[in-house]
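Report on the structure given below.
The values are calculated or read from the model by the stated rules, or taken from the named source; none is laboratory data. Remember, predicted model here, so these are calculated numbers, not experimental data. Because the Cβ atoms are built from the backbone with ideal geometry, glycine has one as well, and the counts that use them run over all protein chains shown. What goes into the accessible areas is simple: the full protein's heavy atoms, side chains included, and nothing from ligands, DNA or RNA. Shrake-Rupley method; radii C 1.70, N 1.55, O 1.52, S 1.80 Å.
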Amino acid sequence: MSKKVAIIGSGNWGSAIAKIIGMNVAKNTTVFDQKAKMWVYEEMIDGQKLTEIINTKHENVKYLPGIKLPENIVAVPELDDVVSDADLLVFVLPHQFLPRLLNGIKDKIKKDAVAIHLIKGVFFIDGEMVPISSRIKDVLGIECCTLMGANVANEVAREEFCETTIGYETQEAGEVFFKLFNTKFFEVTIIQDVTGPEICGALKNIVAIGSGFCDGLGYGGNTKAAIMRIGLKEMRGFAMMYSKTVVESTFLESCGVGDLITTCIGGRNRKCGAYFAKTGKAWEVIEKELLNGQKIQGVPCAKEIYEILSTKNLLAKFPLFHTIHRICVGELEPKEIINYKSVNN
């Protein structure tokens, strides 16, 4: 029986991934139902409902303008209608909306459904890191895979070649999601590691803040490369300390070194770190001036990681993370990024 796909989220990244899903379900007629529902938070655009625009013009004119979506992507404003008969749930929305959403659908989904999330970041609850896949699995009672990689939404939507990583718990789930997402321009690798890619997706934002400090201070490529390498080493150390299920080779995948590179070269956290180093403005001001409603993830993540390491008396093992946090909160000048070994002694 063909599997029905539900896309939960329709922003920039959600719409870009919907394009891939629409293309792939159309090609894999024996595996997938030929229509994929996409939950759209209803908005009015020039007097017309966004769902109506998507379903008639096949374009998300607000969040992914200029990109045509396949006609088999159906925008639906009611979340229950999207998830109730779905076999595969694809979560791709800002993580702050997820807890309430999960509680709202936990009694509406099929008991044998399988989920995957494409949400960068993790939760921090009572001083501990909680991966998003764990939260989805705990609330919904179903398996949840992870898709993470060096994937800028607009570039993916334009079909520019890139890689991504799917972390799975069971081989069957990994293989079905491979069929749902893999294309010639969006090359998927599947690995049996759900948690590792998620931790990489969060911690690389801390390193990107430090990379931005280097750019803002006018340091060269050698210095920036060093910060990225040291950052990757600390990402690996923290992830493998956090969970025994993390696989070391994960850090050489797109979700690891690949995502770190692209974030440190062109991501919003790098951009904001550079601006901070140049201007010294408060992070809240920088968000307003540069991000148009988006958030800086690296600064609060650095704070949470600092608190976890401090509680466990492990700060000395992660001197770069510690230094970046201290710079973010004003205890150190940005130039001290290169003195990360000595400033915390």
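For the range 284-345, take the convex hull of the Cα atoms, compute a quarter of its surface area, and give me that in nm², please. The partial results should precede the final answer.
Working: hull surface 18.1 nm².
Taking a quarter of the hull surface, the average projection is 4.5 nm².
Straight-line reach from Lys120: taking Cα to Cα under 19 Å and skipping same-chain neighbours fewer than 8 places apart, the lysines in range are Lys137, Lys204, Lys271, Lys295, Lys303. Taking amide H atoms as placed 1.01 Å from N in the peptide plane, the amide H of Met38 lies under 5 Å from those of Ile7, Val74, Ala75, Val76, each 5 or more residues away in sequence or on another chain. For Phe123, the residues 5 or more places off, or on other chains, whose built amide H falls under 5 Å of its own are Val130, Ile132.
Given the range 203-345, what whole percent of its Cα pairs are spread farther than 20 Å?
So the pairs more than 20 Å apart make up 42 percent of the total in the range 203-345.
What accessible surface, in Å², does a 1.4 Å probe find on Trp39, ignoring ligands, DNA and RNA and rounding to the nearest 10? Surface open to solvent at Trp39 totals about 50 Å².
Could you tell me what percent of the accessible area of the range 76-198 is made up of carbon and sulfur, with a 1.4 Å probe and every protein chain present? Working shown, then result.
Working: 2380 of 5120 Å².
Result for the range 76-198: 47 percent of the exposed heavy-atom area is carbon or sulfur.
Out of every Cα-Cα pair that the range 88-213 contains, those further apart than 21 angstrom amount to 41 percent. By DSSP, the beta bridges lying fully in the chain are antiparallel in about 25 percent of cases.
Can you order the peptides 122-128, 295-301 by their average number of other Cβ atoms within 10 Å per residue, highest first? If you can, show how the numbers build up before the last one.
Values: 122-128: 13.9, 295-301: 22.6.
Ranking the peptides 122-128, 295-301 by packing returns 295-301, 122-128.
Shape index of the chain: Rg/Rh, with Rg the Cα radius of gyration and Rh the Kirkwood radius from the inverse mean 1/r over Cα pairs, equals 0.98. Across the range 60-75, computed HN-Hα scalar couplings (Karplus, 6.51 cos²θ - 1.76 cosθ + 1.60, θ = phi - 60°) run 8, 5, 8, 9, 8, x, x, 10, 7, 9, x, 5, 8, 8, 10, 7 Hz from first to last residue, x flagging Gly and Pro. Result for the chain in a Gaussian network model with C-alpha springs under 10 Å: among Lys184, Lys204, Lys106, the largest mean-square fluctuation is at Lys184.
Amide H to amide H, with H built 1.01 Å from N, Ile45 comes under 5 Å of Leu50, counting only residues 5 or more places away or on other chains.
Residue order by solvent-accessible surface for Lys281, Lys317 is Lys317, Lys281, largest first, with ligands and nucleic acids left out and a 1.4 Å probe.
For a straight C-alpha distance cut-off of 21 angstrom, the lysines reachable from Lys57 (same-chain residues fewer than eight places away being disregarded) are Lys19, Lys35, Lys37, Lys49, Lys68.
Helix-only estimate, please: 222 nm mean residue ellipticity of the chain, summing -39500 (n - 2.57) across DSSP H runs of length 4 or more and dividing by its residues, to the nearest 500. Write out the running numbers ahead of the final one.
Numbers: 14 runs with 158 residues, N = 345.
Taking each H run of at least 4 residues, the total per residue is -14000 deg cm²/dmol.
As a length-normalised measure over Cα pairs under 8 Å and 6 or more apart, the relative contact order of the chain settles at 13 percent.
Using a 1.4 angstrom probe, figure out how much accessible area the chain has per residue, in square angstrom, rounded to the nearest whole. Display every interim value, and only then the final one.
Values: 15460 Å² over 345 residues.
Per-residue accessible area for the chain comes out at 45 Å².
Here the range 166-208 and the range 90-144 have alpha carbon centers that stand 16 Å from each other.
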